[in-house]
Amino acid sequence: MSDSSFGANELDRFRATFFEECAELIADMESRLSCMLTETADSEELNAIFRAVHSIKAGAGAFGLKRLVTFSHTFEALLDWLRDGRIAQDERVATILVKAGDILAALVEAAQQGKEIAADFETEIANELHGLLEEASGGTSTHRAKAEPKSTSESVTPAKATVDYRISFSPHAELFRHANEPLLLIKELERFGTLHTFCDTSKLPSLAAMEPEDAYFSWTFELSTNRSKADIAEVFEFVDQDCILDISESAEEEAFGLFDDDEPKALNEPAPDSSPAVAPTIEHKPAAEPAQKAQSGAKSNANATIRVDLARIDRLVNMVGELVITQAMLAQQIIDQGKDQGQQAIQGHEDLAVLTRELQECVMAIRMQPVKSVFQRMPRLVREVAGKLNKQVNLVTHGEQTEVDKTVIEELADPLTHMIRNSIDHGIETPDVRIAAGKPAEGKIVLSAAHVGSNILIHISDDGAGINRERLLKKAIEKGIVTPNANLSDEEIDELIFAPGFSTAAAVTDVSGRGVGMDVVRRNIVGLGGRIQVQSTFGKGTRFTLIIPLTLAVLDGMIVASGSEKYILPLTSIIESFRPDKSQVREITGGGQVASIRGEYVRLVYLCKIFDVPGAVLEPWKGLVVLVETASGNKLGIVVDELIGQQQVVIKSLLDNFTPVPGISGATILGNGRVALILDIEQLAGMTERRRHATIDGRLSGSKPALLDDQASQPHSDVDDGALPRLAVGSR
Amino acid sequence: MRSAQDMMSGSQGNAQGHEHSTKTVQFISFRVGEQEFAIDIMAVREIKGWTDTTTLPNQEEYLLGVLNLRGTIVPIYDLRCRFGLGLTVATRSHVVIIVSVLDRTIGLLVDAVSDILTVNSNEIRPVPEMEKSVSNEFLSGLITIGETMVVLLSLETLFAQRPSEDASAVAA
Amino acid sequence: MAKRVLTVDDSKTMRDMVSFTLKGAGFEVVEAEDGVKALSVLERTNVDLVITDINMPNMDGVTLVKQLRAKPSHKSTPILILTTEGGEDKKAAGRAAGATGWIVKPFAPDKLLQVVTKVCP
């Protein structure tokens, strides 16, 4: 009904906006509700929670999401009573509220995805909410919102014969204070039919006594119309408390004439004047805004705007200003170089370099957000999962304010969700088991974040059962992941949980699921350029450590050379580099080489062969082997000519203008302005050597039809760099 | 961006166009080997001298690699090679035309840029049906300028099918 | 000249819907996220009508109405309260503050227009 005349496109657009908003509101609500478990919320907190639920209800109403409206309505009623003190905050109430928040989030999610949910999904908690409201209202009736009957009388107003009405309209003095204009009312009445107007000016005082903003006139109208009394009353709806209004006729309808007929008349908000909670004070708190905005990290908003602390932008702008000035100075100095022989220019260059670095940091800061947006989703997860498994779990989080690049935050949610599920499912024991082991019935999971250098360090530790190495190893052998006679260290056994498809739970549960295991988590983390480690003590607990670069925009890389080309290897995946002795390198039957290092054989991959680069070193003992580790923990020796050096590089996408290139994850621009490719270790590990003729000096390609031009074998003649603009057309 | 085909249909034209169907359209013409080609001027972003590219591994031969255009990574194609006429031996006198095609920015290596052509759309002749020659689906029309025949290229067609990655050779 | 309406709501969904409806009927629409922002918009812009939500952070709708009525420049600007509460106490609060009328959301677009044209013909 309410959306009857919006087009489908608009409605879809509004819906999308609504659910985006819901994601923000729910995140905000959840974090505030969680706080209520430990401390009493002040009126500001309660108002914020109320507003969130209220906004969800309003939007849900607009889209006809009845179930969501009904539930949020009850929820909202309770919050309202809570904030005006009719219900006292205690642990029980807080627990119910947190549950209600979870249910609301689930209902929103279901509505967004059009998912079916059990008809009694919210019944239990709704009953609890109603229960609280009933208790507070003395147990006499259900709460007001529910008790309010639906007024439907005006919804049926068939057209009928003309009726004569006599309307007496005597405004109170303050009519004009609401910017109401009797003339508009009269004009509207005129449209209804035949109108006769009689104005009573008797109350008009003398000019000296007259208050210019008071109303003094009153009117009597005689109206012949086929409209209902309710319609007439509606004309006066905005003024009916500022006047004495009498509409008399034998019309039988109850005349309220409000246009909110089909809306439950919920009196669930107190008048602000009577409630300290909505005291009409101006509270402008700009500082609170960024924190709130930061919580919008839901996946669906991946492309949404990013809201930034103003101070950061100011700093950025100032830095750019400095940069421009320095650059101008530099230009001038180069012009003057005739006199000073470039000494100043060199100094200018150094200043420029410093400024540019700072500028880069500022720009990065714009994208940084606290991990809070991800962390605050976890309490709900813990409650859900623990509830399902009949376990008691207390989640403690530290370092929510630790900042990391927005893109990283978005990619963190899945792995963290998975790992916390795992910790509850496989780590924390059931209460009876825990008690038997002399532990408290309630398990504890600690989720913490901190900065270490240019990385963020995230710990997820539990005080659960720890890794049962014996069982793990047995299973790994069963699955053929390790050979029965393998001699593995404790650390190596623990690492097995990251092996693909490995599930250690004695029973596969519907919580952690089947098949999707820690291998996926590791892949995700490696995808972020990070690493994951596990430490465990049997019977005491397990701790996972994630080390992830703060940003995906820059990368600490090692520049390596292979023939004429230079590539970037991500520093995080490099274990070491070494020049093997000739005797360390062995041929494997069926092709391929391995190098032995400390008793371990590592497959050698020649960059020059995979990428068909001419002129590269083909004997590892003359070049270098860079030992790298893939996401799945496999080691690989990449054969290169030499290491050029370590450098932080800005990652550029190839995909804007090109298709993915196997073995290459992106590109960057080196100091000399040339493009260098960033290697994708995962893909390299899976690639085979491409061509046999890599040794031929030239860029012969076997994949093309015969060349018609005999010059073709040397396409890149030695040409000096330096653009030679001949003709500039279009935008530069 | 408008394609030469669009213009041939006479549906759009340049600002200086006459009324009726004879709209003027502008092209940049350039030389590859002995042949003059032209592309829609609206697609052209800039023209620069050849600089060495960074090779992308395992790509079609006519993809010469990528270069840095003020922070954007731009793939450079050798048009001569794209037409099956062999690789260009690029020197500093060769020219790269940076164009926008299908939302991508790419560079075309050509021998030299010749001229800016302003022609009436009704002067554009269709490409006759050919037996089999240089992949003529890229050719969208012919213009005669003086004694010279200029071939209009449809960049969309030329780059519609992104270069294959030769996946067989790099089986993952 | 097109009438200009300021819609004040912390929900973008609601602002979008009001804005879409009114623009379709030839109104010019400016938006603000809360009462404080609304006041700052009104510093710079003249409007013929204000439609405001009640529940908003920073400054709620009732306070906004009071603040506007306290300014000579907005003594007679029509103000509609747009809110889910159809309850008399809420309306009374709005009325006491000086609002011209109210609209209950969710609203049907034609209903919104009807009310808007009533106070802003």
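Key figures for this structure:
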{"quantity": "Scope the stretch A:242-251; condition within 26 Å of C:TRP102 (Cα to Cα) and either modelled with pLDDT of 80 or more or exposed (fewer than 15 other Cβ atoms within 10 Å of the Cβ) (or both); matching residues", "calculated": "A:CYS243, A:ILE244, A:LEU245, A:ASP246, A:ILE247, A:SER248"}
{"quantity": "Qualifying residue in the stretch B:101-112 (condition: of a type in the set (Ser, Thr, Tyr) and at pLDDT 90 or above)", "calculated": "yes"}
{"quantity": "Residues that are among the acidic types (Asp, Glu) and surrounded by 14 or more Cβ atoms within 10 Å (Cβ to Cβ), drawn from the stretch A:85-128", "calculated": "A:ASP102, A:GLU109, A:GLU122, A:GLU128"}
{"quantity": "Test for B:VAL110: is it more than 10 Å from chain A (Cβ to nearest Cβ) and either closer than 21 Å to B:SER29 by Cβ or of a type in the set (S, T, N, Q) (or both)", "calculated": "yes"}
{"quantity": "Test: residue in the stretch C:77-89 that is modelled with pLDDT of 85 or more, within 8 Å of chain A (Cβ to nearest Cβ) and either under 18 Å from C:ASP16 (Cβ atoms) or surrounded by fewer than 23 Cβ atoms within 10 Å (Cβ to Cβ) (or both)", "calculated": "yes"}
{"quantity": "Residues that are within 7 Å of chain B (Cβ to nearest Cβ) and among the β-branched types (Val, Ile, Thr), drawn from the stretch A:644-661", "calculated": "A:THR659, A:VAL661"}
{"quantity": "Residue match in the stretch A:627-647 (condition: under 16 Å from A:TYR567 (Cβ atoms) and of a type in the set (S, T, N, Q))", "calculated": "yes"}
{"quantity": "Conditions (1) facing chain A (nearest Cβ under 8 Å); (2) crowded, with 24+ Cβ neighbours inside 10 Å; (3) touching a helix residue (DSSP H, G or I) at 6+ places or on another chain (Cβ under 8 Å); (4) among the charged types (D, E, K, R): number failed by C:ARG69", "calculated": "(2)"}
{"quantity": "All positions within the stretch A:133-180 that are within 42 Å of the chain's Cα centre (by Cα) and at pLDDT 75 or above", "calculated": "A:LEU133, A:GLU134, A:GLU135, A:ALA136, A:SER137"}
{"quantity": "Neighbours by Cβ (under 8 Å, 6+ apart or cross-chain): first from the stretch A:49-75, within 7 Å of chain C (Cβ to nearest Cβ); second crowded, with 24+ Cβ neighbours inside 10 Å and among the small types (Gly, Ala, Ser)", "calculated": "A:HIS54/A:SER72; A:SER55/C:SER11; A:LYS57/A:SER72; A:ALA58/C:SER11; A:GLY59/C:SER11"}
{"quantity": "Residues of the stretch A:38-54 satisfying the condition of being under 19 Å from A:ASP84 (Cα atoms) and in a helix (DSSP H, G or I)", "calculated": "A:SER43, A:GLU44, A:GLU45, A:LEU46, A:ASN47, A:ALA48, A:ILE49, A:PHE50, A:ARG51, A:ALA52, A:VAL53, A:HIS54"}
{"quantity": "The stretch A:473-518, residues that are at pLDDT 80 or above and touching a Gly at 6+ places or on another chain (Cβ under 7 Å)", "calculated": "A:GLU495, A:PHE498"}
{"quantity": "Within the stretch A:94-126, tally of residues that are of a type in the set (Val, Ile, Thr) and either on the phi > 0 side of the Ramachandran plot or at pLDDT below 85 (or both)", "calculated": "1"}
{"quantity": "Residues being within 30 Å of A:ALA365 (Cα to Cα) and either of a type in the set (Phe, Trp, Tyr) or without any contact (Cβ under 8 Å) to a residue 12 or more places away in the chain (or both) - total across the stretch A:451-501", "calculated": "1"}
{"quantity": "Matching residues in the stretch B:24-74 - criterion: being without any contact (Cβ under 8 Å) to a residue 12 or more places away in the chain and either of a type in the set (S, T, N, Q) or more than 8 Å from chain A (Cβ to nearest Cβ) (or both)", "calculated": "B:GLU34, B:THR55, B:ASN68, B:ARG70"}
{"quantity": "Condition met for C:VAL18 (surrounded by fewer than 20 Cβ atoms within 10 Å (Cβ to Cβ) and in a helix (DSSP H, G or I))", "calculated": "no"}
{"quantity": "Residues of the stretch A:178-191 that turn out to be basic (Lys, Arg) and surrounded by fewer than 13 Cβ atoms within 10 Å (Cβ to Cβ), as a count", "calculated": "1"}
{"quantity": "Subset of the stretch A:192-215 [of a type outside the set (Val, Ile, Thr), farther than 16 Å from A:PHE238 by Cβ and surrounded by 11 or more Cβ atoms within 10 Å (Cβ to Cβ)]", "calculated": "A:PHE192, A:GLY193, A:LEU195, A:CYS199, A:ASP200, A:LYS203, A:LEU204, A:MET210, A:GLU211, A:GLU213, A:ASP214"}
{"quantity": "Single residue of the stretch C:97-114 satisfying the filter (facing chain A (nearest Cβ under 7 Å) and either among the hydrophobic types (A, V, I, L, M, F, W, C) or more than 16 Å from A:PHE6 (Cβ to Cβ) (or both)) that is surrounded by the most Cβ atoms within 10 Å (Cβ to Cβ)", "calculated": "C:ALA99"}
{"quantity": "Of all residues in the stretch C:21-39 being hydrophobic (A, V, I, L, M, F, W, C) and facing chain A (nearest Cβ under 10 Å), the one that is surrounded by the most Cβ atoms within 10 Å (Cβ to Cβ)", "calculated": "C:VAL36"}
{"quantity": "Any pair with Cβ under 7 angstrom, 6 or more apart, that starts in the stretch A:381-392 at a residue that is assigned by TED's automatic domain parsing to the domain that holds A:ALA441 and of a type in the set (Lys, Arg) and ends at one that is part of a loop (DSSP other than H, G, I, E, B) and surrounded by 16 or more Cβ atoms within 10 Å (Cβ to Cβ)", "calculated": "A:LYS388/A:VAL511; A:LYS391/A:ILE428"}
{"quantity": "The stretch A:166-200, residues that are of a type outside the set (A, V, I, L, M), within 30 Å of C:LEU68 (Cα to Cα) and in contact (Cβ under 8 Å) with a residue 12 or more places away in the chain", "calculated": "A:PHE169, A:SER170, A:PRO171, A:HIS172, A:GLU174, A:PHE176, A:ARG177, A:HIS178, A:ASN180, A:PRO182, A:GLU188"}
{"quantity": "Scan of the stretch A:665-686 for residues that are within 15 Å of A:VAL526 (Cα to Cα) and either facing chain B (nearest Cβ under 7 Å) or more than 30 Å from the chain's Cα centre (by Cα) (or both), ordered by number", "calculated": "A:GLN683, A:LEU684, A:ALA685"}
{"quantity": "Some residue of the stretch A:589-610 being surrounded by 14 or more Cβ atoms within 10 Å (Cβ to Cβ), under 23 Å from A:ALA486 (Cβ atoms) and among the aromatic types (Phe, Trp, Tyr)", "calculated": "yes"}
{"quantity": "Whichever residue in the stretch C:40-65 is surrounded by fewer than 19 Cβ atoms within 10 Å (Cβ to Cβ) and not β-branched (Val, Ile, Thr) and, among such residues, is nearest to C:VAL119 (Cα to Cα)", "calculated": "C:ASP48"}
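Every residue, every condition in (1) out of contact with any Asp or Glu (no Cβ under 6 Å at 6 or more places or on another chain); (2) in a loop (DSSP other than H, G, I, E, B); (3) in the same structural domain as A:MET29 (by TED's automatic domain parsing); (4) among the aromatic types (Phe, Trp, Tyr), yes or no:
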| residue | (1), (2), (3), (4) |
| --- | --- |
| A:GLY64 | yes, yes, yes, no |
| A:LEU79 | yes, no, yes, no |
| A:ILE87 | yes, yes, yes, no |
| A:ARG92 | yes, no, yes, no |
| A:ALA106 | yes, no, yes, no |
| A:ALA111 | yes, no, yes, no |
| A:ALA118 | yes, yes, yes, no |
| A:PHE121 | yes, yes, yes, yes |
| A:GLU124 | yes, no, yes, no |
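The values are calculated or read from the model by the stated rules, or taken from the named source; none is laboratory data. All values reported here derive from a predicted model rather than from experimental measurement. Using ideal geometry, Cβ is built from the backbone for each residue, glycine included, and neighbour counts are taken over all protein chains shown.
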